[in-house]
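Data first, discussion second: the structure below is written as structure tokens.
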Amino acid sequence: MSDTPETLMDLGLDGIDSLFDKPEEMDLSVPISSEPRQRDLRFFRQIPVRVTLEVASTELPLGELMQAGKGSVLELDKPAGAPLDVRVNGHLLARGEVVLINGKYGLRLTEVVDEQLLDGLDA
């Protein structure tokens, strides 16, 4: 059977199994390498991610939050001057501090928490 797009469309559910019944195409004489393959991850460098800087957070009852109004102060869980959390798509990557660059906010990393997230992307 030839595997043209028309043939594949006509197989239906009953003919799908026949696509995988081709043991003669496997060449078992070629040894499978036990060495791990090096992956080329440069493609992933182009994928946009959201980087956020989290100052601090707190957990409080909904009723207390509903009573908050203009001028209310909510105490957060980090002391002033503590490093801020740098999150990539919600995942903690590093800690850092805010800097000013040409009148805009910037970020200076002071500690990388998740080195594994960055491994392999420097190829």
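The values are calculated or read from the model by the stated rules, or taken from the named source; none is laboratory data. Given the structure is predicted, the values throughout are model-derived calculations rather than measurements. Every residue, glycine as well, gets a Cβ built from its backbone with ideal geometry; the counts of neighbours run over all protein chains shown.
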### Task
Any chance you could count how many residues in the range 61-107 are within 21 Å of the chain's Cα centre (by Cα) and exposed (fewer than 13 other Cβ atoms within 10 Å of the Cβ)?
3
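Based on this model, can you work out whether L76 counts as of a type in the set (A, V, I, L, M), in a strand (DSSP E or B) and modelled with pLDDT under 95?
Numbers: of a type in the set (A, V, I, L, M): yes; in a strand (DSSP E or B): no; modelled with pLDDT under 95: yes.
Here the answer is no, as L76 does not meet what is asked.
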### Task
Report yes if A94 is at pLDDT 65 or above and hydrophobic (A, V, I, L, M, F, W, C), otherwise no.
yes
### Task
Would you mind stating whether F44 is surrounded by fewer than 10 Cβ atoms within 10 Å (Cβ to Cβ) and modelled with pLDDT under 90?
no
### Query
Taking the range 108-117, which residues are at pLDDT below 90, charged (D, E, K, R) and loosely packed, with under 12 Cβ neighbours inside 10 Å?
E115
### Summary
Listed by first then second residue, the pairs whose first member lies in the range 79-101 and is farther than 15 Å from E111 by Cα, whose partner is charged (D, E, K, R) and surrounded by 14 or more Cβ atoms within 10 Å (Cβ to Cβ), with beta carbons under 6 Å and at least 6 positions apart or on separate chains, are none
